[in-house]
Structure formats: C-alpha cells, structure tokens
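Here's the structure we're looking at; comments come further down.
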Amino acid sequence: MKLLNRIPSFLSRDILLRIYKQTVLPLLDYGCVIWGECSKENAQCLERLQNRAMRIILHADRKTCTQKMRAKLFLLSLYSRRLFSKLQYVYKIIYKINCPKQLIGYLVKRSQRHCRSLRDPTLLDLPLVKTKCGQTSFKFSAASAWNKLPREIRELRTLAQFKVRTFTYLMNMDRANHICKSNA
C-alpha cells in the first residue's frame, strides 16, 4: 500500500489499478475460501484497505462514494470477491472441472439425494448443522451461496460464462446493497 501511496502522481489510473490488482489483491484473496467467514471487524478492516487503495488510484477524497469508485474501477467489494471465489470452487466441484479427486461428490445436488424428481435439479443439499460455527464451514456456506444464485446462472455449462454472469450478478448486488455514507 505504501508503494501505491508514493507513486500516484507519476502514473496513470490504469497503471495504478494494474499495480493494485497484481500486488495487493492477491494478498487479500490468498486463502479467502478458508478465512472468508472472518469476523465483521476484520472484514471491515480489509474493505477499508481496498477503499483507501481506490481513493489513491482515482485521486479521490474521503467523501467519495465507495460504490462509485468500485464501479469506475470495475471492482467487487471484498465480500463479493470472496463469494465469487467460493462460487467458482463450487462450480468446479459440481461440474468436475480441475477438481481434485477428494472433492468429487463433496457437494451433492438435492436431486441426487432424493428418489423423486424435484422442481430445481441444480440446488445443492445443505448439510445439517447445529451451531453457528457449522454454518461457517465451507460445505454449508458454499452450498447455501450456490442455492441463492439465480437458476439461470447455476445452469450455465461453461466456466467462462459462469464467471462473467456471476461477476455481473455480484456487481449488481453490491450496487443494490450499498448505502452511501458520503451524502449523509
């Protein structure tokens, strides 16, 4: 981050964004499927870090709306990035794309679990959990996130199409869920 802070006047927005995406974002994304269910305070610290980087890249002040900055830079919130990564793993497990043998069959569709035909064969079976900790496990949270996706996204047959449509869906969700504090 110090690097971004020292060089913004020398480089264009595109170069600064590329530096951010190649140096900072990989650190924030590293292991996000594992630590993705971190505490609210830790998640907010990470979001503030991204907001600071966006302000540096765009030469914006503190009152600039974060959603407008993300839209200009075509970035997801870090929560949505973690969800995007998790959903890609689910897609790869379900459709057996570069999936390790140990994960084949790890997530089971409801239609495979029941003998009868179901209305939506793309839904995943949620494991029974008794605690909040169980709800943060990958198996439960990934299946739950997958089931919340629109059916037309879950039914896509190529990973490239899935990535594009899911990214667009999450960008729209970020926009819809954003409460702008800069106008208050």
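The values are calculated or read from the model by the stated rules, or taken from the named source; none is laboratory data. If you're wondering where the values come from, they're calculated on a predicted model, not measured in any experiment. As a convention, Cβ positions derive from the backbone with ideal geometry for all residues, glycine included, and neighbour counts pool all protein chains shown. Ligands, DNA and RNA are stripped out before the accessible areas are found, and what is left, the full protein with its side chains, is counted by its heavy atoms. Shrake-Rupley method; radii C 1.70, N 1.55, O 1.52, S 1.80 Å.
Quick notes
- Some residue of the stretch 15-25 being closer than 30 Å to Cys133 by Cα and surrounded by fewer than 18 Cβ atoms within 10 Å (Cβ to Cβ): yes
- For the stretch 102-183, the helices (runs of 4 or more DSSP H) that sit wholly inside it and include 2 or more residues that are at pLDDT below 85 and either surrounded by 17 or more Cβ atoms within 10 Å (Cβ to Cβ) or touching a Lys or Arg at 6+ places or on another chain (Cβ under 7 Å) (or both) are 110-113.
- Cross-chain or 6+ apart pairs with Cβ under 6 Å, the stretch 39-64 first and within 21 Å of Thr23 (Cβ to Cβ), then part of a loop (DSSP other than H, G, I, E, B) and open to solvent by less than 40 Å² (accessible area, probe 1.4 Å): Ile56/Pro8
- Matching option when the condition is closer than 28 Å to Leu49 by Cβ and outside any helix (DSSP H, G or I), among Leu87, Leu76: Leu76
- Any chance Glu37 is open to solvent by 60 Å² or more (accessible area, probe 1.4 Å), part of a helix (DSSP H, G or I) and acidic (Asp, Glu): no
- Residues satisfying the stated conditions in the stretch 57-87, i.e. crowded, with 18+ Cβ neighbours inside 10 Å and among the β-branched types (Val, Ile, Thr): Ile57, Thr66
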